[in-house]
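Novice: There's a structure below that I have some questions on.
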Amino acid sequence: MPVYITNRMYLPRDGVERVLEYIGGAEPLDFNAVQPMPRDLTGQEGRDWRSAFWGTEENAVHAERMGNILTFQTADTPPLGWLKEVSKQFPQYEFTLDWFYDDLPEWYQCVVRGGTVQYINGV
């Protein structure tokens, strides 16, 4: 059973609408809009594919948008693979992702630009 973590993704203020259009919107947030999982993958093969390409075993849940901030939950790990793919489409922008595990007191944060992840705090 996965442990859900809370993610906050900061969209570039001058590109919010363009990025939202590319990712298929915020409510609901569906990682398949950017990186579609092959339909023939199920069970463990599907989880392995999602982990490899999205960075997390399950799709986003409980997504909400407030201004340029998307808040959502993922299973066990943040969606760094998915975010790297999004950032490749918008190399002029910097994306910040914060996340935390409900049972741990600290936040983790990274910045992604042009498909490259730079860890700032944590992990």
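Novice: For the stretch 80-99, which residues satisfy the criterion of being out of contact with any helix residue (DSSP H, G or I) (no Cβ under 8 Å at 6 or more places or on another chain), surrounded by fewer than 18 Cβ atoms within 10 Å (Cβ to Cβ) and under 19 Å from TRP54 (Cβ atoms)?
Specialist: The answer is LYS88, THR96.
Novice: Okay, next question. Those residues that are over 13 Å from the mean Cα position of the chain (by Cα) and either within 15 Å of LEU83 (Cα to Cα) or of a type in the set (Lys, Arg) (or both), I need them from the stretch 26-36; list them, please.
Specialist: Residue satisfying the conditions is PRO36 alone.
Novice: Could you identify the single residue in ARG18, ARG50 that is touching an Asp or Glu at 6+ places or on another chain (Cβ under 6 Å), surrounded by 12 or more Cβ atoms within 10 Å (Cβ to Cβ) and charged (D, E, K, R)?
Specialist: ARG50
Novice: Give the residue, chosen from THR71, THR77, that is in contact (Cβ under 8 Å) with a residue 12 or more places away in the chain, surrounded by fewer than 18 Cβ atoms within 10 Å (Cβ to Cβ) and not basic (Lys, Arg).
Specialist: Result of the check over THR71, THR77: THR71.
Novice: Sticking with this one: Out of (1) in contact (Cβ under 8 Å) with a residue 60 or more places away in the chain; (2) touching an Asp or Glu at 6+ places or on another chain (Cβ under 8 Å), what's the single condition that is false for THR56?
Specialist: Checking THR56 against (1) in contact (Cβ under 8 Å) with a residue 60 or more places away in the chain; (2) touching an Asp or Glu at 6+ places or on another chain (Cβ under 8 Å), the one that fails is (1).
Novice: Report whether or not GLY55 is in contact with a Phe, Trp or Tyr (Cβ under 7 Å, 6 or more places away or on another chain), part of a loop (DSSP other than H, G, I, E, B) and within 29 Å of MET1 (Cα to Cα).
Specialist: Taking the combined requirement at face value, the residue satisfies it.
Novice: To continue, here is another question. Quick one: is MET37 surrounded by 12 or more Cβ atoms within 10 Å (Cβ to Cβ), in a strand (DSSP E or B), at pLDDT 95 or above and not charged (D, E, K, R)?
Specialist: So MET37 fails the test.
The values are calculated or read from the model by the stated rules, or taken from the named source; none is laboratory data. Remember, it's a predicted structure, so these values are computed and weren't measured experimentally. Note: ideal-geometry Cβ built from the backbone for every residue, glycine included; neighbour counts use all protein chains shown.
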